[in-house]
Amino acid sequence: MTSLAVDETIARAIEVLKENDHGAYTIPTKGLYPFQWNWDSCLTALGLAHYDEARAWTEIETLFAHQWPDGMVPHIVFHVWSDGYFPGPEVWQTGRPTATSGITQPAVAGFAVRRLFDRAKDKKLASERARALLPKIDAWHRWFYESRDPKGVGLVAIIHPWESGRDNSIDWDDAFERVPTEGVEPYTRRDTLHADPAHRPTREQYDRYLWLVQHFRALGWDNARLHDASPFQIVDPGFNSILIRASSDLADLAEALGEKEIASANRARVEKGLAAMEQLWSEAHGQYLCLDRTTGKLVDSASVGGILPAFAAIPAARVASVATTVERLAGKARFVVPSHDPDDPRFDAKRYWRGPVWLVVNYMIADGLAAAGHGAVARRITQSSLDLITESGFAEYYDPHTGEPLGGGRFTWTAAMVIEFLKGRG
Ligand code: GLC
């Protein structure tokens, strides 16, 4: 891209962010997602910081203002009323002062806050705002290991596919078969009014998503009970790696700010988590796999969730194999990184997390690969990402073969990631 094209693209991305800015939080996109989403906001803050550092801190603070007393940070905060989204507060019934969902999402906050802090031009502002967020993020991390790793193995489980952020991944298919659908209250989906139903999860999957929500609701959203009571318990390598990376970043930040206890608690989580990740390695696939905690078996499904661990400090030999796997995928799809291996018969180039490329995932993988010395593969991912927005605009996700824009348009975190890719870490 010429420098003029870069400036123009950044200006267009900023327009998308501003359009979706609701003052103290940013919605993912108009229509389809009219509230605040957890990991969207944390990654969006990185884009916001390029033109307004104070606003970037506010984005994350708003999310944490709705943290639960037990430490959980919900995946959606329903700041305003809207009948355009399902399932809304009347389904979740979490009883929070401001309505929220009752499940969580990938823990990118620790990573985002450290990056905001490191890059801040206004160091005084950054120290104040980071210091206030530190104990809250630490409480969230503690909550994860207490509630989602009751046996203390060092890895946490998700209990609903939506927690992973990769809602309808092929990774969940087998385990999802065990989730019943009987007794699901009648409902009308709203996502299929805003996007092509062929690009969204199926009706059957939706029934199961809702069965789990009703089940947890019947248990009063008591996190001391939900993990063991869930028929769906998956240890997702991508999800765990994000938590491990965030714990490591939080530890560094805590050290810089003189918070020794937070630093050592998070270092211990990183050490234990990285060691336990080895159980998820698949030599045959050259990547990590999910573990079904209810059966104790690895899930034979080569998804991007097993490539995301490049984001954490996994061993050099592992990250080298993952880099090779990305190169292999680049030979099978025009744009990397597809959310599932195109050789798998279950791959679907257009259906949400069953094949399409997502820029947030690309960002995290490229970041980890670059840090581990795999610059060429990281640049390949960055280039694919920029080619996609040049050809197809700021879409929610993209077909890895054709580059066709899919899902919602004018998407916030896609725009934020483009700014990140173009401005780099400077
Ligand atoms: C979808 C995605 C999830 C994201 C949300 C808002 O549910 O799967 O990862 O957080 O949309 O963009």
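Do we find a residue being within 13 Å of the ligand (Cβ to nearest atom), open to solvent by less than 50 Å² (accessible area, probe 1.4 Å) and hydrophobic (A, V, I, L, M, F, W, C) anywhere in the stretch 369-378?
In the first step, residues of the stretch 369-378 are kept if they are within 13 Å of the ligand (Cβ to nearest atom); the result is none.
Within the stretch 369-378 (the criterion being within 13 Å of the ligand (Cβ to nearest atom), open to solvent by less than 50 Å² (accessible area, probe 1.4 Å) and hydrophobic (A, V, I, L, M, F, W, C)), the answer is no, since none of the residues qualifies.
Only a single criterion out of (1) within 16 Å of the ligand (Cβ to nearest atom); (2) among the hydroxyl-bearing types (S, T, Y); (3) out of contact with any strand residue (DSSP E or B) (no Cβ under 6 Å at 6 or more places or on another chain) is not satisfied by S303, namely (3). Quick check on the stretch 271-302: of everything there that is over 23 Å from I159 (Cβ atoms) and part of a strand (DSSP E or B), which residue is farthest from the chain's Cα centre (by Cα)? So the residue we want is S282. The residues on offer are A316, A284, and the sole one that is surrounded by fewer than 16 Cβ atoms within 10 Å (Cβ to Cβ), over 26 Å from R119 (Cβ atoms), among the aliphatic types (A, V, I, L, M) and in contact (Cβ under 8 Å) with a residue 40 or more places away in the chain is A316.
Step by step: first the residues of the stretch 47-59, then only those that are more than 15 Å from the ligand (Cβ to nearest atom) and touching a residue at least 60 places away in the same chain (Cβ under 8 Å), then the one that is surrounded by the fewest Cβ atoms within 10 Å (Cβ to Cβ). Which residue is that? Even if it seems obvious, please write down each step before you answer.
Narrowing the stretch 47-59 to residues more than 15 Å from the ligand (Cβ to nearest atom): 48-58.
Now drop any that are not touching a residue at least 60 places away in the same chain (Cβ under 8 Å), which leaves 48-50, 53-54, 56-57.
On the way: L48: 26, A49: 25, H50: 19, E53: 19, A54: 12, A56: 26, W57: 25.
In this case the residue turns out to be A54.
Of everything listed in (1) free of Cβ contacts under 8 Å to residues at least 24 places away in the same chain; (2) surrounded by fewer than 24 Cβ atoms within 10 Å (Cβ to Cβ); (3) within 20 Å of the chain's Cα centre (by Cα), the single unmet condition for K350 is (1).
Would you check if F411 is over 17 Å from the mean Cα position of the chain (by Cα), of a type in the set (A, V, I, L, M, F, W, C) and crowded, with 22+ Cβ neighbours inside 10 Å?
Values: over 17 Å from the mean Cα position of the chain (by Cα): no; of a type in the set (A, V, I, L, M, F, W, C): yes; crowded, with 22+ Cβ neighbours inside 10 Å: yes.
Answer is no for this residue.
Reported count of residues in the stretch 163-217, each being assigned to a helix (DSSP H, G or I), more than 12 Å from the ligand (Cβ to nearest atom) and among the small types (G, A, S), is 2.
One residue stands out among those in the stretch 60-72 that are more than 16 Å from the ligand (Cβ to nearest atom) and assigned to a helix (DSSP H, G or I): the one that is least open to solvent (accessible area, probe 1.4 Å), which is F64.
If I filter the stretch 74-116 down to residues being in contact with a Ser or Thr (Cβ under 6 Å, 6 or more places away or on another chain) and not polar (S, T, N, Q), which single residue comes out as farthest from R245 (Cα to Cα)? Selected residue: W92.
When the stretch 258-277 is examined, which residues are found to be touching a residue at least 60 places away in the same chain (Cβ under 8 Å) and open to solvent by 20 Å² or more (accessible area, probe 1.4 Å)? Steps first, answer last, please.
Residues of the stretch 258-277 that are touching a residue at least 60 places away in the same chain (Cβ under 8 Å), as a first pass: 259, 262, 265-266, 269, 272-273, 275-277.
Once the filter is applied, which keeps residues that are touching a residue at least 60 places away in the same chain (Cβ under 8 Å) and open to solvent by 20 Å² or more (accessible area, probe 1.4 Å), the stretch 258-277 yields E259, I262, A265, R269, K272, A275.
Among helices (runs of 4 or more DSSP H) lying entirely in the stretch 318-426, which contain 3 or more residues that are within 24 Å of E283 (Cα to Cα) and modelled with pLDDT of 95 or more? It would help to see each step written out before you state the result.
Numbers: elements: 359-371, 375-392, 412-423.
The helices (runs of 4 or more DSSP H) meeting that bar are 359-371, 375-392.
Can T9 be described as more than 23 Å from the chain's Cα centre (by Cα), assigned to a helix (DSSP H, G or I) and away from the ligand (no atom under 16 Å from the Cβ)? Can you show your working first?
Numbers: more than 23 Å from the chain's Cα centre (by Cα): yes; assigned to a helix (DSSP H, G or I): yes; away from the ligand (no atom under 16 Å from the Cβ): yes.
Against the criterion (more than 23 Å from the chain's Cα centre (by Cα), assigned to a helix (DSSP H, G or I) and away from the ligand (no atom under 16 Å from the Cβ)), T9 qualifies.
Residues that are out of contact with any Pro (no Cβ under 7 Å at 6 or more places or on another chain) and open to solvent by 10 Å² or more (accessible area, probe 1.4 Å) within the stretch 33-46 comprise Y33, P34, listed in sequence order.
Quick check on this structure: which one of E420, E396, E327, E391 is open to solvent by 40 Å² or more (accessible area, probe 1.4 Å), under 29 Å from H50 (Cβ atoms) and of a type in the set (D, E, K, R)? Answer to the check: E391.
Filtering the stretch 5-31 to residues that are touching a helix residue (DSSP H, G or I) at 6+ places or on another chain (Cβ under 6 Å), of a type in the set (A, V, I, L, M) and surrounded by fewer than 21 Cβ atoms within 10 Å (Cβ to Cβ) leaves V6, I10, A24.
The values are calculated or read from the model by the stated rules, or taken from the named source; none is laboratory data. Bear in mind the structure is a predicted one, so any value in this text is a computation, not a measurement. We place every Cβ from the backbone using ideal geometry, glycine too, and count neighbours over all the protein chains shown. Heads up: the accessible areas ignore ligands, DNA and RNA and are worked out on the full protein's heavy atoms, side chains in. Shrake-Rupley method; radii C 1.70, N 1.55, O 1.52, S 1.80 Å.
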